[in-house]
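The next block holds one structure in the form of structure tokens; read it before the comments.
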Amino acid sequence: MRIHHVLESKGSDAVETIAPEATVRELVSRLGDHNVGALVVSEDGTTAVGIVSERDVVRRLRDGEPVLDASVATIMTTDIRVCDPDDTIEHLMQVMTDNRIRHVPVVRNGRLAGIISIGDVVKQRMSELVFERDQLNQYVSGAQ
């Protein structure tokens with residue numbers, strides 16, 4: 001299974017982005033508005049310069065930093081892992097596991113093509129397992 005299949009099953013390839021100069025307060029609001037755990041940081045809405053997640057905010061709050069009025073650029077991750085729409089789900093699962101990350105921007109020819117969360121991967125994998133189970137049940141039922 002390829003990443004582009006997961007993007008197609010999501011029904012939208014829209015990627016929520018936020019500017020690096022936006023405040024963390026705005027970030028928190030947008031995470032809640034869109035019910036997502038991370039936003040891609042982009043200066044132009046098409047290229048990724050970073051990613052920022054709810055975990056990034058929580059870590060700073062835990063450390064007692066006055067983070068809500070700081071810029072997203074001060075807390076974002078700039079060493080981001082990305083994938084290509086033609087990459088396999090198995091490869092993406094390995095990247096997520098090895099790097100302990102839950103969101104990976106999908107980039108084709110340097111431009112954002114989507115974002116995949118660990119929830120998207122789990123949902124896709126569960127669908128595959130249900131399909132395989134149903135096929136095996138049909139095979140066993142038909143063999144009797």
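The values are calculated or read from the model by the stated rules, or taken from the named source; none is laboratory data. Keep in mind the model is a prediction, meaning the values are calculated, not measured. Note that we place each Cβ from the backbone using ideal geometry, even for glycine, and neighbour counts take in every protein chain shown.
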So which residues in segment 71-81 are out of contact with any Gly (no Cβ under 9 Å at 6 or more places or on another chain) and either exposed (fewer than 15 other Cβ atoms within 10 Å of the Cβ) or among the β-branched types (V, I, T) (or both), if there are any at all? T74, I75
Do we have any residue at all in segment 54-68 that's assigned to a loop (DSSP other than H, G, I, E, B), of a type in the set (D, E, K, R), in contact with a Gly (Cβ under 8 Å, 6 or more places away or on another chain) and under 25 Å from V24 (Cβ atoms)? no
Of the candidates D120, D84, the one satisfying the condition of being modelled with pLDDT under 95 and either surrounded by 14 or more Cβ atoms within 10 Å (Cβ to Cβ) or touching a helix residue (DSSP H, G or I) at 6+ places or on another chain (Cβ under 6 Å) (or both) is D120
Looking at segment 106-126, is at least one residue in a helix (DSSP H, G or I), over 15 Å from the mean Cα position of the chain (by Cα) and either closer than 18 Å to S53 by Cα or free of Cβ contacts under 8 Å to residues at least 12 places away in the same chain (or both)? yes
I'd like to check something: does segment 73-93 contain any residue that is within 12 Å of the chain's Cα centre (by Cα) and in a helix (DSSP H, G or I)? yes
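Within segment 6-31, can you find the residues that are of a type outside the set (A, V, I, L, M), assigned to a helix (DSSP H, G or I) and at pLDDT 95 or above?
Step one: list which residues in segment 6-31 are of a type outside the set (A, V, I, L, M), which gives 8-13, 16-17, 20-21, 23, 25-26, 29-30.
Next, only the ones that are assigned to a helix (DSSP H, G or I) stay: 8-10, 25-26, 29-30.
Listed by number, the residues that qualify are R25, E26, S29, R30.
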